[in-house]
Each structure stands twice: as C-alpha cells, then as structure tokens.
1. Checking the condition assigned to a strand (DSSP E or B) and over 22 Å from residue 313 (Cβ atoms), which residue from 100, 124 passes?
2. So which of 273, 310 is within 16 Å of the ligand (Cβ to nearest atom), crowded, with 16+ Cβ neighbours inside 10 Å and over 28 Å from residue 46 (Cα atoms)?
3. Among the residues of segment 319-328, write down those that are farther than 12 Å from residue 210 by Cα and surrounded by 24 or more Cβ atoms within 10 Å (Cβ to Cβ).
4. Within 16 Å of the ligand (Cβ to nearest atom), closer than 28 Å to residue 250 by Cα and at pLDDT below 95: does that describe residue 42?
5. Does residue 230 meet the test of being in contact (Cβ under 8 Å) with a residue 40 or more places away in the chain, within 13 Å of the ligand (Cβ to nearest atom) and not in a loop (DSSP other than H, G, I, E, B)?
6. Consider residue 244 carefully, then state whether it is over 18 Å from residue 97 (Cβ atoms), touching a helix residue (DSSP H, G or I) at 6+ places or on another chain (Cβ under 6 Å), within 15 Å of the ligand (Cβ to nearest atom) and at pLDDT 95 or above.
Ligand code: ASP
C-alpha cells in the first residue's frame with residue numbers, strides 16, 4: 001500500500017519487526033527496512049518547473065526508491081540498495097551525477113562519489129573522474145578492493161579499469177542543459193555577479209544525488225554522487241566524497257548524505273556533526289539534523305540540505321534552500337517531495 005505521510009517522519013509500524021509488534025508499539029515500531037534519497041537541494045520552486053518536468057522528477061525519484069526498496073524487501077544488503085539506487089540516479093540526465101553532471105570551467109565533467117558502511121566504518125570515495133559511468137560503483141570498489149579510502153583523477157580511473165568497471169568517453173556525460181548553465185555562469189562571472197549558489201544561474205547548480213538505507217540486518221549504509229558545482233576549477237573537489245563532510249554512516253547513530261554548497265559542508269563537517277550530536281549529546285536524529293542544517297549552516301550562510309536515517313528507521317530530510325528533491329520508503333510507506341511547502 002502506498003500513501004503520503006504528512007506528519008513527522010516516524011515509522012508507522014506496518015509490517016515491522018515482530019518483537020515490537022507483539023509489544024503493540026504502534027507508533028514507534030522499528031520498520032523492517034528504510035531507505036531515503038535526495039536528488040539535490042537548491043532554488044527549486046514551482047515557478048521554474050513545468051508540470052511535465054515535475055512529473056518526470058517525481059517518477060525518476062519513485063523509480064529509484066523502487067530499486068532500493070526491492071533490494072531491501074528481499075533481505076538484500078543496504079550496501080547493494082544504496083549502490084543500485086544511486087546508479088539509477090547517475091544514469092538519469094535529470095540529476096547532477098553521472099549522465100547530466102554539471103560542467104567545470106573548462107567544459108569537462110569531473111565526478112565525485114562516496115559510500116560508507118555503518119557496521120564497520122568501511123568507506124570508499126573518488127574525486128574528479130571523467131570516464132567512469134557509475135562513480136558510486138567505483139567508490140564501492142575502492143572500499144572493497146583496495147587498502148585505501150580515497151582515490152582521485154587518473155589514478156582512480158586506472159583502478160576503475162583494473163576492476164572492470166564500465167568506462168565511457170567523457171562525451172557520455174554531456175547534456176545541453178548543463179552546458180548552457182556553464183555558459184551563463186561564465187557570463188555572470190564576467191559581469192562580476194556573485195558565485196556559488198547565488199546569482200541568476202543558481203537554478204542549475206543543484207542536483208547531486210544521495211541515498212541512505214537501513215537493511216533487515218540493522219545495518220546502515222550511506223552514499224553520495226555528484227558532478228560538483230557548475231564552473232568549478234582547478235580540479236576542485238566538493239564535500240560528497242569527503243567522509244564526514246558530505247557522506248557518513250555509523251550503525252550506532254545514523255547514516256547521512258548531503259547536498260548543497262560543498263565548501264560549507266566540508267568546513268562544518270556536516271555529516272559527522274549530525275552523528276556526533278546524537279552520539280555525544282543524545283539528540284534525536286531530527287534534532288541533530290535540524291541543528292546542523294537549519295541553525296549552524298544557516299548562520300554560516302551555507303545553503304543545502306541532507307537526508308538521514310537512524311537505526312530505528314526514523315528519517316530526517318532537512319534543507320535550508322527553496323527546495324530539495326527527496327523521498328523515502330519504509331514497508332507500506334512512500335513519500336516523494338520537491339518543494340518547501342511539501343515539507344514533512
Ligand atoms: N555538494 C555538492 C558539491 O559541492 C554540490 C551539490 O550538492 O549540489 O560538490
């Protein structure tokens with residue numbers, strides 16, 4: 001059964017774990033599994049969207065959730081769920097990850113991604129690759145098949161080849177929309193308009209994708225994949241592949257995937273900060289996530305948001321921008337949202 005929850009993102013208790021069911025704890029029963037995704041935060045408003053575009057975004061987010069939920073419902077691992085869900089979003093030209101990634105100043109697409117397991121704090125990440133079709137799978141390979149956590153540029157690409165991952169021509173990542181956005185960003189820069197998420201061209205700077213999943217075994221995995229920010233230079237790498245900044249998972253607390261102005265997320269170690277507030281101050285997931293995104297980041301001027309879930313299957317999706325493509329699934333429950341006024 002599908003329905004759209006309006007209240008806070010607490011598990012509703014359908015088809016959930018037996019102990020709790022027998023205890024009759026309707027409100028706070030731990031769901032058998034949970035998955036939450038985002039497709040980027042930014043200035044996403046109804047006025048910039050056509051009905052067709054909106055339907056396409058919602059359908060693609062729903063299809064991504066179907067993939068991850070399918071894995072989890074069958075008892076698959078959170079690791080597989082996160083990888084497969086993110087691959088589907090990377091393959092979609094709608095989002096700033098894989099196909100559809102934003103362009104660097106020089107007109108290239110340089111991709112960053114990370115994945116982390118909450119059970120043992122294993123992690124893998126890559127920065128600045130230009131020929132790997134699915135960066136999230138390369139991040140997984142770094143985690144599973146190498147002694148390292150982070151690889152970048154040509155070395156990461158050589159490793160991808162060695163691991164038999166799909167290599168594509170850099171042209172594969174081209175989309176006209178993102179190329180036009182680069183031209184506008186360069187023009188704005190010439191006119192000395194502000195950079196970053198401000199300025200006229202801000203509508204085209206969002207679209208990173210991320211996913212966090214809790215599997216039936218109680219393990220949490222988080223992943224994030226992005227093209228970074230339009231008009232980036234000098235092999236700039238953002239927060240997404242930095243463990244503790246854009247991506248973090250710990251079975252003892254929560255899993256987090258971030259999206260927004262990466263430089264702020266790096267300096268405020270956003271993902272780990274949410275986990276640390278839960279670990280050291282005993283805050284709930286929602287309290288911790290709100291504290292970081294709606295208070296600390298707002299005061300700092302860092303625009304963006306995150307999706308997160310804890311080991312009880314609670315979900316938080318705070319953002320301080322106009323909108324964030326987002327959604328989640330738990331047994332019998334499905335939510336997909338875009339705008340601020342749909343906020344749970
Ligand atoms: N956080 C990403 C970066 O700075 C961009 C985004 O999420 O839109 O690379």
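1. 124
2. None of the other options fit; the residue is 273.
3. If the condition is that a residue be farther than 12 Å from residue 210 by Cα and surrounded by 24 or more Cβ atoms within 10 Å (Cβ to Cβ), then 319, 323 are the ones that fit.
4. The answer is yes for residue 42.
5. no
6. Against the criterion (over 18 Å from residue 97 (Cβ atoms), touching a helix residue (DSSP H, G or I) at 6+ places or on another chain (Cβ under 6 Å), within 15 Å of the ligand (Cβ to nearest atom) and at pLDDT 95 or above), residue 244 qualifies.
Per-residue answers, yes or no, for (1) within 21 Å of residue 233 (Cβ to Cβ); (2) in contact (Cβ under 8 Å) with a residue 24 or more places away in the chain; (3) surrounded by fewer than 17 Cβ atoms within 10 Å (Cβ to Cβ):
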| site | (1), (2), (3) |
| --- | --- |
| 116 | no, yes, no |
| 139 | no, yes, no |
| 156 | yes, yes, no |
| 162 | no, no, yes |
| 175 | yes, yes, no |
| 179 | yes, yes, yes |
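The values are calculated or read from the model by the stated rules, or taken from the named source; none is laboratory data. Owing to the predicted nature of the structure, the values given are computational and were not obtained by experimental measurement. A quick note on method: Cβ atoms are made from the backbone with ideal geometry, for glycine too, and the neighbour counts reach across all protein chains shown.
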